[in-house]
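The block underneath contains the structure these notes are about, expressed in structure tokens.
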Amino acid sequence: MAFSNLEDSAGDVMSEINMVPLIDIMLVLLIIFIITVPAINETIKVNLPEAASQEKEEEPDKPVNLSIDLQGVFYIDKTPLTDDQLKARLAEEAKKEPAPALYINGDKDVNYGRIINAMDLARQAGLSKIGFVTDPNGEAGTVNPSEDKPAGAAAGG
């Protein structure tokens, strides 16, 4: 690519590239590198001692797993709990930052009221993230298309 001089009407080709802007950019980059390289190496090497009795950090996003058996008994970590004990335990869990999620593992034949009771206790305790655990390998419920639809059922389409 050739550069031309606007003042020269003879059409001579300018054979020089102005190097001043390129040198300015290179000097700025050099100054940046000179400043940042010593800052990277300013850490002091220290051999930290090891402690055998150090507390294990809990995972902040570890959910609370609540199980409800066929008789409607609540379990957290395989410990059976009454309604009052469950409410106290969920309130204790809700105080953690961030508040953990509650996963409900309910027996498929448990009274629906016990699951609603567990959800109500969780909300009273301050837990708002509530989920249900299902078996992905379980048989899905099937509907016989020839059966009559109950009144008020929406037509497919």
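The values are calculated or read from the model by the stated rules, or taken from the named source; none is laboratory data. This one's a predicted model, so the numbers in the text were calculated from it and none came from an experiment. Using ideal geometry, Cβ is built from the backbone for each residue, glycine included, and neighbour counts are taken over all protein chains shown.
Here's the yes/no breakdown for (1) out of contact with any strand residue (DSSP E or B) (no Cβ under 9 Å at 6 or more places or on another chain); (2) modelled with pLDDT under 85:
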{"site": "PHE3", "(1), (2)": "no, yes"}
{"site": "GLU16", "(1), (2)": "no, yes"}
{"site": "PRO38", "(1), (2)": "yes, yes"}
{"site": "GLU59", "(1), (2)": "yes, yes"}
{"site": "SER67", "(1), (2)": "no, no"}
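Looking across the range 98-120, the residues that are closer than 19 Å to ASP77 by Cβ and of a type outside the set (Val, Ile, Thr) come down to ALA99, PRO100, ALA101, LEU102, TYR103, ASN105, GLY106, ASP107, ARG114, ALA118.
Checked against the criterion of being over 17 Å from VAL133 (Cβ atoms), at pLDDT 85 or above and of a type in the set (Gly, Ala, Ser), the candidates ALA52, ALA91, ALA101 yield just one match: ALA91.
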